[in-house]
Amino acid sequence: MHLGFLTIYWRDMIRFVRFRTLLISSLVQPALWMAFFGIAMSANFTRLTTDIPPVPGIPNVGYLTFMAAGVIAMTTLFTSLFGGMILLFDKNWGLMREVMASPLPRDHIIFGIALSGMTKSFIQAVIIMVFGIFIGAEFFQGYSPVEVTFSILGILLFVGIFSLGFLFLSAAIAISLETPEPSRSRLLRGCRGS
Amino acid sequence: MTEPIIEVSNLAHRYGDFEAVRGISFSVERGEIFSFLGPNGAGKSTAINVLTTLLHLQRGSARVAGFDVATEPARVRESIGIVFQEVTLDRDMTCWEILEFHGSLYRMPHQQRRERIDELLDLVELEGKRDTLTKHLSGGMKRRLEIARGLMTRPKVLFLDEPTIGLDPQTRRRMWDYIKSVNEEGTTIFLTTHYMDEADHLSNRVSIIDHGLIIATGPAWELKNALGEDLIYLETSDDAAAGAALRGMPEVTGVQEKTRGFIAHVSQDGSHLLPRIMEALQGHGIRIHTVNLKKPSMDDVFVHFTGRDLRDEGAERPGAAHSRAMRR
């Protein structure tokens, strides 16, 4: 089996780690979001909803828990959209030419980018969950360890599929976007033809 | 004679209505340095992009390293190395990572990759910069790293698209040394340039290309000889009479008027002929103010073959103006 996509993956992860400001902001921002808004809002929501009787048969979760799931989804969304757009930067800076001129099958470029985008989303989802539990979100209340394991796998599965979808979407947009310079876009068209 | 490593016949390429390359044929022998010399927009990069499979073949045929560009692009890609015209290094990767990335793109085995990286960093004198991010390298270092990258997979043919563009004269000289030493190890080199001296200095054979057509091909000295052996520049008290007198001499193949003085093309070694020319002119009572003897440069060759000055083409060639200034 050809493992060329791992090369692309490795390179993209290097970039992720090396781009310090982006790395830290992408990891810290969702956590801060939850810490500031989540805690403040949840106090208000708890006060407002004490009068409403719980619907029978449906488990009640706190606002922070509810919001944490949303923060995971939102973070995944933005990371994935940006993850595919990196192809556009590669194209504009001419970095793509090296890969295009190599014997690497073209689809491996997309696989590699998709895999690294997914990894980034996983890292962020885990950080948000750990931080959420730390500040009081109740993800797995009353679950046995086996159930917790399955829940985590389920979350990762959901995050994986969700991020893949948006990665492919943004990668498709990035590839079809024309650069201002005509020769480059022709270059890419030529590559797709071969 | 061995089989040519690059064989191109009737290659043509157009962008919409614009014909960038209009049917060129040439071949490159194994182990030589072959140059495409021409102004910006002559079609050099287009030709290179077709040969390196970055543009698909529209018309004609091309074989590189024994493989057809149109039908076996993957095999061609495995056998070549490329240094692009513009810098294509990731700013946020170290020198080592750039080479490692390239090596694994071409599926080199781990051990071989490590050895080759050490070897190449040594060759281009970047050992000390192994863990430096490429954004902290100077222009010359970046170019050297790119050449190292092009050589990573021990390609049969190395394509260099304007390798010394924007480099200072000392760095250019060193780049030439690297290119020559790479060639001596057996790599065939295909070079495009718009620097006359570069084509002259480096290559075994030169093709002059303009408006998408090859105008002349041959060893640099042969192209120069088409102009005659030497050029003699003279300023005299009576240029018209002196010109007429020189035209009468069998060794003088042509006389070209200049704003001041004139240039005589001679078919013999100019340094031996010059005293006789001076005697002849003095015999006619003509006083000589200035004498200058020079070998034809690639600049002269280009003008001779294309009928136009290379340096009229664009403003972005400080090197051409520079080399002209040096000759004066």
- Task: Name the most mobile residue of B:M108, B:M196, B:M278, meaning the one with the largest mean-square fluctuation, in a Gaussian network model of chain B with Cα contacts below 10 Å.
- Result: B:M278
- Query: In peptide B:72-81, how many Cβ atoms from other protein chains are near each Cβ within 10 Å, on average?
  - Reply: 2
- So which lysines pass the test for B:K44, namely a Cα distance under 28 Å, with those fewer than 8 places away in the same chain ruled out? A:K91, B:K142, B:K156, B:K180, B:K224, B:K295
- Query: So what is the relative contact order for chain A, in percent, with contacts set as C-alpha pairs under 8 Å and at least six apart?
  - Reply: 33
- Order by accessible surface, 1.4 Å probe, largest leading, for residues A:I135, A:I123 comes to A:I123, A:I135
- Query: How big is the gap, in Å, between the Cα center of the stretch B:218-263 and the Cα center of the stretch A:97-147?
  - Reply: 75
- Using a 1.4 angstrom probe on heavy atoms only, work out the carbon and sulfur share of the accessible area of the stretch A:52-187 in %. 78
- What is chain B's relative contact order, in percent, from Cα pairs under 8 angstrom and six or more apart in sequence? 18
- Task: Using a 10 angstrom cutoff on alpha carbons, build the Gaussian network for chain B and name the most mobile of B:I277, B:I117, B:I189.
- Result: B:I277
- Item | Set of aspartates and glutamates near B:K294 by C-alpha distance (under 13 Å), chain-local residues within fewer than 8 positions excluded | B:E229, B:D230, B:D269
- Using a 1.4 angstrom probe and counting only protein chains, how large is the accessible area of B:D238 in Å², to 10? 70
- Under a Gaussian network model of chain A whose springs join Cα atoms within less than 10 Å, the largest fluctuation of A:A171, A:A35, A:A137 belongs to A:A35
- Between helix B:95-105 and chain B: long-axis angle, C-alpha atoms, 0 to 90°, nearest 10: 70
- Give me the compactness ratio for the protein assembly as shown, meaning the Cα radius of gyration over 2.2 N^0.38 Å. 1.36
- Item | Largest-first principal axis extents, alpha carbons of the stretch B:162-289, Å | 57, 31, 28
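The values are calculated or read from the model by the stated rules, or taken from the named source; none is laboratory data. Quick caveat, the model's predicted, so the values are computed rather than measured. FYI the Cβ positions are ideal-geometry reconstructions off the backbone, even for glycines, and counts take in every protein chain you see. We work out accessible area using only protein heavy atoms, side chains counted, and drop any ligands, DNA or RNA first. Shrake-Rupley method; radii C 1.70, N 1.55, O 1.52, S 1.80 Å.
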